[in-house]
1. Under 8 Å between Cβ atoms, which residue pairs at least 6 apart in sequence (or on different chains) link something in the range 296-307 that is outside the structural domain of Val392 (by TED's automatic domain parsing) with a partner that is among the polar types (S, T, N, Q)?
2. Among the candidates Leu412, Leu441, single out the residue that is surrounded by 20 or more Cβ atoms within 10 Å (Cβ to Cβ) and under 21 Å from Arg207 (Cα atoms).
3. Can you report the number of residues in the range 260-312 which are over 22 Å from Leu390 (Cα atoms), within 16 Å of the ligand (Cβ to nearest atom) and hydrophobic (A, V, I, L, M, F, W, C)?
4. Identify, please: which residue in the range 145-161 is more than 12 Å from the ligand (Cβ to nearest atom) and at pLDDT below 95 and is, among those, nearest to Ser190 (Cα to Cα)?
5. Is the range 223-236 home to any residue that is over 30 Å from Leu453 (Cβ atoms) and either within 16 Å of the ligand (Cβ to nearest atom) or not assigned by TED's automatic domain parsing to the domain that holds Ala148 (or both)?
6. Could you figure out which of (1) in contact (Cβ under 8 Å) with a residue 60 or more places away in the chain; (2) under 24 Å from Ile391 (Cβ atoms); (3) under 22 Å from the mean Cα position of the chain (by Cα) isn't true of Pro56?
7. Inspect all residues belonging to the range 556-563 and state whether any of them is in a loop (DSSP other than H, G, I, E, B) and in contact with a Ser or Thr (Cβ under 6 Å, 6 or more places away or on another chain).
8. Is it the case that the range 117-127 has a residue that's within 16 Å of the ligand (Cβ to nearest atom), at positive phi and not aromatic (Phe, Trp, Tyr)?
Amino acid sequence: MFTKILIANRGEIACRVIRTARRMGIRTVAVYSEADAGARHVRLADEAVCIGAPPPRESYLVIDKIIAAALATGAQAIHPGYGFLSENEEFAEACAANGIAFVGPPVSAIRAMGLKSESKKLMEKAGVPLTPGYHGDDQDPAHLKQQADTIGYPVLIKASAGGGGKGMRAVWKAEEFADALASCQREAKSSFGDEHVLIEKYLQRPRHIEIQVFGDSHGNCVYLFERDCSVQRRHQKVVEEAPAPGMTAERRAAMGKAAVDAAKAVAYVGAGTVEFIVNQDGTFYFMEMNTRLQVEHPVTEMITGLDLVEWQLKVAAGEPLPLAQEQLRIHGHALEARIYAEDPDKGFLPSIGKLIHLSPPAETINVRVDTGVEQDDEISPHYDPMIAKLIVWDGSDTNARERALARMLQALADYRVVGVSNNIGFLSRLVACPAFAQADLDTGLIERERGFLFPEGGEPPAEAWMVAALAELIHDREYAAAEAVAGNDPYSPWHARDGWRVNSTARREIRLRAGELEKVVNAAYAGAGIQLEFAGRTVAAAGRFIDGGQLRVDLGGRRISATVVAANEKRHVFIDGVCHVFAAIDPLFHAGSGGGSEGGLTAPMPGKVIALIAAVGAKLEKGAPLLILEAMKMEHSIAAPANGTVKAFLFNVGEQVSDGAELVEFEVEK
Ligand code: MV4
């Protein structure tokens, strides 16, 4: 077995591989770009080598630098993770040429499966079922039309050199075929430089079910059952699960055999995945084979109790597979949700910035968090904005999927992220949506359930407004108490924030904004207690911060656990698994302190400062330009929200700013 390996990747997969290597007593070498110098995978590895500037083409994709790092540190093997160079033939060859074990399949297998049209021919020979259609070389339009008529409409025209959904066109009627074909050929020619197409029967409401296979260098090959990855958005997987709902033992054996036959057809060694497109009636057809460890491999690990990276390292070191097919079992049900720094309300635009608050759920035998970031890390514009993979498992004998769904909802509710937009709320709605909960799955689920998944911006519930207000009061009281202790007169009544006033009840109005809504919560201090009035309701309120923003609240006798995280002037209120974002309106400064670029002093979205217009100290009219922010490929002018003076700019030209970051210290003219 190796004594030292290099991980040619970053983020969660690099951390995940290091975790297994460490458990096996193998030393680890990380590689990192200048942007990742403080990254978690660098911190976890025994050694680390900087391999270049942030852009992947200058670092993580530079074969020579990675090979040099392995040679310099004496790493005997390189684990490529997924993405980057994980399916790059040249990289696998460079490893071999330098006497370094590549933790992956032989180059020949990568090559064979790299050409989608060639791989189909290989599969056909191996008896692996292909989608009914025509994959031949005769590209004469009349011939293709005749093939389409024979297959029967609707058919799908696919560019042979395409993939991942690119260059596909459904044709519903014979009379539409000729034009559709011509259009597909033109698009294939311009996009892929190859107008070769194939014609398939169009599967309506298909599912994506993939089989995990593993081969060793002694001729053994097994399948580690299936994963259902049907829930996708623009061909990106969102939630994955194992086993596939509705799978029968017979169907599983048939798909497993087909997958092993596919692997054997290319003398496969290592971890691989054979993807099938599956009709609602269970008939399945080969789609493609991926010659790497997949992002979603943890759900397979959870139901089999195996460590696939350990298997990869053993197989790469020449050892036989640890288990034979008949020793493999499924136990329970697992789900994985991919947690991303992206904004579902802005077309899932990546959200760049600092993870001001990051609190994942506690890990147990039922909850696993594979992540590459920690609190105060940055989500970089250079790489995939993944925050983590959240995996849950339940081992019940009967309703394991239902229990796993409940565990996923709870874990998502406990996953608190502040500082970047994220898809946690979207994932919670996805897991809760009836179609998903009832396993009514197909690749069009997200599109079909848009109404449920993207609800029109409802306003936060009354308790969210009141919890936000209460948090302001408690924070001020505790802050004042801390100041008093720090000061020279700790018991001065002037430090008390209990609203005490001689012979009267103190009142305070807390003004909050949620989106376009601005509301006031009125607080009255009556004796030792607080009365909150909101939307016509008055309740006695009490609360205290536990830790990390956790707030125990009593609202009119109803006990609520909430978390409130302040970031700049925003208050993130986590209640019942939903995050409500409020802007606390500073009573001294009303003008546009929200996020709008039309006058706000906070970044309306993640972006980069590209110009400072106003001079510090200058007296300005309301509306005068202060600075220019570049975001979403547009320039946004941040203007003076009132007559006043710029005291300081909080970012320099060229710096990235996260959504909601305070940009300017501005003094409003009295
Ligand atoms: C199909 C199909 C329906 N009928 N082939 C999408 C990309 C590539 N993986 C193959 N894909 C599809 N091929 C036939 N004959 C529907 C899809 C498809 C899809 C397949 C798997 C997972 C997600 C998908 C999303 C959209 C379309």
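The values are calculated or read from the model by the stated rules, or taken from the named source; none is laboratory data. Treat the numbers as computed from the prediction; the structure is a model and nothing was measured. Here the Cβ is made from the backbone with ideal geometry for all residues, glycine too, and neighbour counts use every protein chain on show. These area figures cover heavy atoms from the full protein model, side chains too; ligands, DNA and RNA do not enter into them. Shrake-Rupley method; radii C 1.70, N 1.55, O 1.52, S 1.80 Å.
1. Partner pairs satisfying both residue conditions: none exist.
2. Leu441
3. Residues meeting the conditions: 9.
4. The selected residue is Ala161.
5. First, pick out the residues of the range 223-236 that are over 30 Å from Leu453 (Cβ atoms): 223-224.
So of that shortlist, the ones also either within 16 Å of the ligand (Cβ to nearest atom) or not assigned by TED's automatic domain parsing to the domain that holds Ala148 (or both) come out as 223-224.
Scanning the range 223-236 turns up at least one residue that is over 30 Å from Leu453 (Cβ atoms) and either within 16 Å of the ligand (Cβ to nearest atom) or not assigned by TED's automatic domain parsing to the domain that holds Ala148 (or both).
6. (2)
7. From the range 556-563, those in a loop (DSSP other than H, G, I, E, B) are 556-557; that's our starting set.
So of that shortlist, the ones also in contact with a Ser or Thr (Cβ under 6 Å, 6 or more places away or on another chain) come out as none.
Checked the range 556-563: no residue is in a loop (DSSP other than H, G, I, E, B) and in contact with a Ser or Thr (Cβ under 6 Å, 6 or more places away or on another chain).
8. There is no residue in the range 117-127 that is within 16 Å of the ligand (Cβ to nearest atom), at positive phi and not aromatic (Phe, Trp, Tyr).
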